[in-house]
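Here's the structure, in structure tokens; my notes come after.
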Amino acid sequence: MFFPEGRIRVFLYGQPTDMRKSYDGLYALARQGFDVDLLAGHLFVFANRRGTQMKILYFDRSGWVVWAKRLEEGKFVRNWSDTRGGEIDCTALKLLLEGIEVKRQFKRYSLERGQ
């Protein structure tokens, strides 16, 4: 990424998206799907129904930018019924772009009470 990760927010659109959409179509989906300032530089992530293509839309102070990635093997999203839209962190986005699906968070240890 080209900017400090602590300052940006990432929003995953939780439904399949037609990848023929470009700036205006993705902007309309982001405006409809998220209640945030679209011009603040946040990243809006969209994936197609098969989960093999992804587009990221953001505003960089002078205009809209669309990044696109298409996988030759594997999927970004395996099952849309398990996918929730909403805010994700930059680490989850990096994992998603690498094809690593994060299903749940778990603790590596647990504290026993009374010890």
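What follows draws every value from the coordinates through simple rules; no lab data is involved. Keep in mind the model is a prediction, meaning the values are calculated, not measured. Virtual Cβ from ideal backbone geometry, glycine too; neighbours counted across all protein chains shown.
TRP80 to LEU97: extension gain in nm, 0.36 nm per residue of separation minus the Cα-Cα distance? Let's see the in-between values first.
Details: separation 17, 0.36 × 17 = 6.12 nm, distance 1.64 nm.
Contour length minus Cα-Cα distance gives 4.5 nm.
Near GLY86, within a Cβ-to-Cβ distance under 14 Å, what is the net charge of the other residues, with Lys and Arg +1 and Asp and Glu -1? Display every interim value, and only then the final one.
On the way: positive: ARG9, ARG84; negative: ASP35, ASP82, GLU87, ASP89.
That sum, taken over residues with Cβ under 14 Å, equals -2.
Can you tell me the relative contact order of the range 10-97? Whole percent, Cα pairs under 8 Å, sequence separation 6 or more.
Working: 152 pairs, mean separation 30.8, N = 88.
Across the range 10-97, relative contact order equals 35 percent.
Would you please state which residues of the range 63-100 a label at LEU38 would reach in this model, taking the label point 7 Å out along Cα→Cβ and a backbone N cut-off of under 18 Å?
63-68, 86-87
LYS55: net charge of surrounding residues, Cβ under 11 Å, Lys/Arg +1, Asp/Glu -1, itself excluded?
Values: positive: ARG20, LYS21, LYS69, ARG70; negative: ASP18.
That works out to +3.
In the range 1-101, which chymotrypsin sites (Phe, Trp or Tyr not before Pro) are in a loop and have at most 16 other Cβ atoms within 10 Å, using DSSP for the loop call?
Values: sites: PHE2, PHE11, TYR13, TYR23, TYR27, PHE34, PHE44, PHE46, TYR58, PHE59, TRP64, TRP67, PHE76, TRP80; in loops: PHE2, TYR13, PHE34, PHE76.
When the chymotrypsin sites (Phe, Trp or Tyr not before Pro) of the range 1-101 are filtered for loop state and at most 16 Cβ neighbours within 10 Å, PHE2 remain.
Net charge near ASP18: determine it from the other residues with C-beta under 14 Å of the C-beta of ASP18, scoring Lys and Arg +1 and Asp and Glu -1.
Numbers: positive: ARG20, LYS21, ARG49, ARG50, LYS55; negative: ASP24.
Once all neighbours under 14 Å are counted, the net charge is +4.
Hey, what do the phi angles of the range 77-87 turn into as Karplus ³J(HN,Hα) couplings, whole Hz, using 6.51/-1.76/1.60 and θ = phi - 60°, x for Gly and Pro?
Each residue of the range 77-87 in turn: 10, 7, 9, 5, 5, 8, 8, 10, x, x, 7 Hz.
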